[in-house]
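Chemist: Sharing a structure with you now.
The values are calculated or read from the model by the stated rules, or taken from the named source; none is laboratory data. As the structure is a computational prediction, the values presented were derived from the model and not from experiment. Ideal geometry is used to build each Cβ from the backbone, glycine not excepted, and the neighbour counts take in all protein chains shown.
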Amino acid sequence: MSRPAMTPWRFVRDGYHDVRTVARGWRWGVGRRALVPRSAEPYVPARSTRVFPTRWARGPLARAVREVALGVGMNGLLRSQVSVRAHGLDVLDRVEGPVVFVANHSSHVDTPLILNTLPPRWRRRTAVAAAADYFFDTWWRAAGSALLFNTFPIERRGGSLSNTPGYLLRDGWSVVVYPEGTRSRDGWTQPFKLGAAFMASSAQVPVVPLALRGTFNAMPHEQGWPSPGRPPVSIRYGEPLLPREGEGPRELAKRIEAAMAALVDEDSASWFDARRRAATGGSAPTSGPDVARWRRVWATSRPPAQRGRRTVWR
C-alpha cells in the first residue's frame, strides 16, 4: 500500500504536530519538577542580591532633569489623559517637612498624580518607595523610575526592612509609601502593612494621609494606558498625624487607616457628613463590601463626581 503524496498542507500539519510533541516532552526549567529530588540536591547558599543604588537620583543634575520631566512633560501628559482635582493642599502650609505621605494604591497613575499635585518645594524633596521585585528587576527600569520619580527599592516579600527611608527622613526628604504593598486588583484597599507607620514612629515625623479616587477607573491593574475620555480622578490631602508618646506602629497604622477612610468618605459625600460619621466611628472601611469581585470592581469603576464647572485643563 503506497503512502499518500506529501503535499504542502500535509508537510505543515505533520511539522506542527512534531513541534507540539517535542514541546510537551521538553523540560523547560521554569515551573518543571527537577529530576533529582530536593533531598538529594547539594546545599547551595542563597545568592545575595545587590541593592540598586539610587543616591545619584537625588543629586543636583538628576533633580534638575526630574523637575523638567515632571513639571513639564509628565504633568502635561497626565492632565491630557485624566481630569485632575486636588483637595486639601493647604494642610502642607501647616506642617514642616519631612513627612511620610501614605496613600492607597490601585493604579500606575497614582505616583504621577501625587508628584504632580505636590507644590514644587515639596516635590523637589520627595522620594517614592517602590517594589524592588518589580521596578528594580532590570537596570533600565530601575534607572528610569529612579530618575523620573525618585524611587528607591523596598522589599515587599518578607525581606529585611531597608534603611533607605530612615536615611532620607533624617536628611530632610519626605517619602511616599503605599502601605498595601501592591496595586489593588479591584480598586478597594487591601490590608495595610506596618512599614509606613514604623518609618514615621522611628523618625518621629508626621504622616500625611492621601486618598486617591478614580485612578482604578482611569487605569485598572491590567491596563497599560489610561482609558480614553479624560476620566476624572481626585486626590485629597488629610491633616497630618503626629506619632503620640508611647504609641507603637500598630496603633499608628490604625489611625492612618481611619484617617484615609474619612478622606474617602469626604471625597464621595461632603465634609460635614464625613466628619460626623468619623466622630461616631461610622466611616465606611476602604476595604469595601464583602461581595463578589465583579460587584466590587463595578462599584470602584464609577468615576468620582466633579463638583463645579469643568474646564479642559483643570
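Chemist: Could you tell me how many of the residues in the range 100-126 are among the aliphatic types (A, V, I, L, M) and not in a strand (DSSP E or B)? Step through it out loud before you land on a result.
Modeler: In the first step, residues of the range 100-126 are kept if they are among the aliphatic types (A, V, I, L, M); the result is 100, 102-103, 109, 113-115, 118.
Keeping just the survivors that are not in a strand (DSSP E or B) gives 109, 113-115, 118.
The total comes to 5.
Chemist: Taking A253 as the residue in question, decide whether it is in a helix (DSSP H, G or I), of a type in the set (G, A, S) and in contact with a Phe, Trp or Tyr (Cβ under 6 Å, 6 or more places away or on another chain).
Modeler: Details: in a helix (DSSP H, G or I): yes; of a type in the set (G, A, S): yes; in contact with a Phe, Trp or Tyr (Cβ under 6 Å, 6 or more places away or on another chain): yes.
Here the answer is yes, as A253 does meet what is asked.
Chemist: Has the range 86-97 got any residue that is surrounded by 21 or more Cβ atoms within 10 Å (Cβ to Cβ) and either farther than 23 Å from S201 by Cβ or of a type outside the set (S, T, Y) (or both)? Walk me through how you get there before you give the answer.
Modeler: Of the range 86-97, the ones surrounded by 21 or more Cβ atoms within 10 Å (Cβ to Cβ) are none.
Checked against the condition, which is being surrounded by 21 or more Cβ atoms within 10 Å (Cβ to Cβ) and either farther than 23 Å from S201 by Cβ or of a type outside the set (S, T, Y) (or both), the range 86-97 yields no hits at all.
Chemist: While we're on this one: Report whether or not P303 is closer than 23 Å to T111 by Cα, modelled with pLDDT of 80 or more and either in contact with an Asp or Glu (Cβ under 9 Å, 6 or more places away or on another chain) or in a loop (DSSP other than H, G, I, E, B) (or both).
Modeler: On the way: closer than 23 Å to T111 by Cα: yes; modelled with pLDDT of 80 or more: no; either in contact with an Asp or Glu (Cβ under 9 Å, 6 or more places away or on another chain) or in a loop (DSSP other than H, G, I, E, B) (or both): yes.
No.
Chemist: Go through the range 194-212 and count every residue that is without any contact (Cβ under 8 Å) to a residue 40 or more places away in the chain and assigned to a loop (DSSP other than H, G, I, E, B).
Modeler: Adding up the residues that qualify gives 1.
Each row is one residue, and each column tells you yes or no for (1) surrounded by 17 or more Cβ atoms within 10 Å (Cβ to Cβ); (2) under 30 Å from R85 (Cα atoms); (3) aliphatic (A, V, I, L, M).
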site: L113; (1), (2), (3): yes, yes, yes
site: T126; (1), (2), (3): yes, yes, no
site: F135; (1), (2), (3): yes, yes, no
site: T138; (1), (2), (3): no, no, no
site: R170; (1), (2), (3): no, no, no
site: W173; (1), (2), (3): yes, yes, no
site: Y178; (1), (2), (3): yes, yes, no
site: F192; (1), (2), (3): yes, yes, no
site: N217; (1), (2), (3): yes, yes, no
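Chemist: Of all residues in the range 243-257 being touching a helix residue (DSSP H, G or I) at 6+ places or on another chain (Cβ under 6 Å) and aliphatic (A, V, I, L, M), which is surrounded by the most Cβ atoms within 10 Å (Cβ to Cβ)?
Modeler: A253
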